[in-house]
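Below you'll find the structure, written out as structure tokens, and then a few comments.
The values are calculated or read from the model by the stated rules, or taken from the named source; none is laboratory data. Everything numeric here is computed off the predicted structure, so don't read it as measured data. Note that each Cβ is placed from the backbone with ideal geometry, even for glycine, and that neighbours are counted across all protein chains shown.
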Amino acid sequence: MVVCQVLWATSLQPIGNMDGNGEVEPPDQPRKIAYWMSERKCGEFNMEELQDILRGHGLELVKVDLDQPLDKQGPFAVFLHKLAPFLLASEAGNAQAKEKVKTIEAYLKRHPETVMLDPFPNVERLHDRRIMYSAVENNHVFVPSFVELNATDVEKNLEIVTHAGITFPMVMKPMSAPEHQMWLVFGPQGLKDIQLPCVAMTFVNHNALLYKVFVIGHHYEIVERPSIRNLQPSDTAPTIEFNSHSISKPDSDHPLTVKEEDDEKAIKKEDLDIGLFDRIVHHLREDLGLMLFGVDVVIEKGTGKHAIIDINVFPGYSGVADVMYHLSECILTCDAEAGSELSDVVDSGIEMGYSSDEKQKLPLTTS
């Protein structure tokens, strides 16, 4: 496991209220750290351990009930969440999910002092793979050629992928980033098998090794996972449907991960360019405005270039040691920096935000 530490900056709101003299009044009781995750997600983490760590710092961890008024459960210094299911359902038009999202947004509007881990707008940008991939390409890393497919006409789709410079084999991914069901298409004949709409992306041969980069605030770790073996284009090979989550499990024995005899030996993590991974994480943290996310990186066979093939918000962190410790550090940093930034604002009279050489949030565009 490769463990790395990098610096980051974020705009945080003050904890506590201001009196008439512009001073911060200390809270009368331990500050509350709200959290909401599904029962399945809670099962992936030791929330009791997190509760004990935060209690030692005078903070109270509270699981919120979204069916009850939030004002009666708060106030909250930090709101830790995995609310992607509600955000996705709300975007799809689900009335109940929309109501819950509006309730949380209304609470945050009434309580701008609450720090969200992570902010809804930044999370929602990564729900669309087109926006995700357009946002991350820079001079440190590349994103394989990709294009959106909506047409039901196979010839039209072949024209679209050809014009976009996408070559076979290609991987077809659902538009919604949290979806894991995908298709490998080896030639034009396979375009009739895909489900639309989707994102078509050139498959990058990477010697069957995936590097999962797990980011928790200041901290990140690189974990090796199995991946799809090197592939070649074919006019006769059938389309292969697969679940990407199953492929990259630590103990995966999926047939797609079995290497061929002539495959190159993959670069092991102890030989990785950690400076490059530092820059990738720093760039993404600034661009995406997120503190809890995972990045899937592969190294292209033959060129050694690094490619980002996926990003996940608040992943499971499987394989990362001391997850609750690092998560508590992230929460404590939010708490500490909030008070520090408020003091700077009161002293200088300037608007709270990034320092002059930092950007509040680099634009995420699709162009």
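Exactly one of (1) part of a loop (DSSP other than H, G, I, E, B); (2) among the aromatic types (Phe, Trp, Tyr); (3) at pLDDT 75 or above is unmet by Tyr354. Its number? Every listed condition holds for Tyr354 apart from (3). Restricted to the range 167-218, and to residues that are in contact with a Lys or Arg (Cβ under 9 Å, 6 or more places away or on another chain) and of a type in the set (Lys, Arg), which residue is modelled with the highest pLDDT? Step by step, filter the range 167-218, then rank; the result is Lys212. Inside the range 202-254, residues that are touching an Asp or Glu at 6+ places or on another chain (Cβ under 9 Å), of a type in the set (Val, Ile, Thr) and assigned to a strand (DSSP E or B) make up a count of 3. Among the residues of the range 110-139 satisfying the criterion of being at pLDDT 90 or above and in contact with a strand residue (DSSP E or B) (Cβ under 8 Å, 6 or more places away or on another chain), which is surrounded by the most Cβ atoms within 10 Å (Cβ to Cβ)? Step by step, filter the range 110-139, then rank; the result is Val115. Of all positions in the range 182-197, at least one carries a residue that is closer than 18 Å to Asn312 by Cα and in contact with a helix residue (DSSP H, G or I) (Cβ under 9 Å, 6 or more places away or on another chain).
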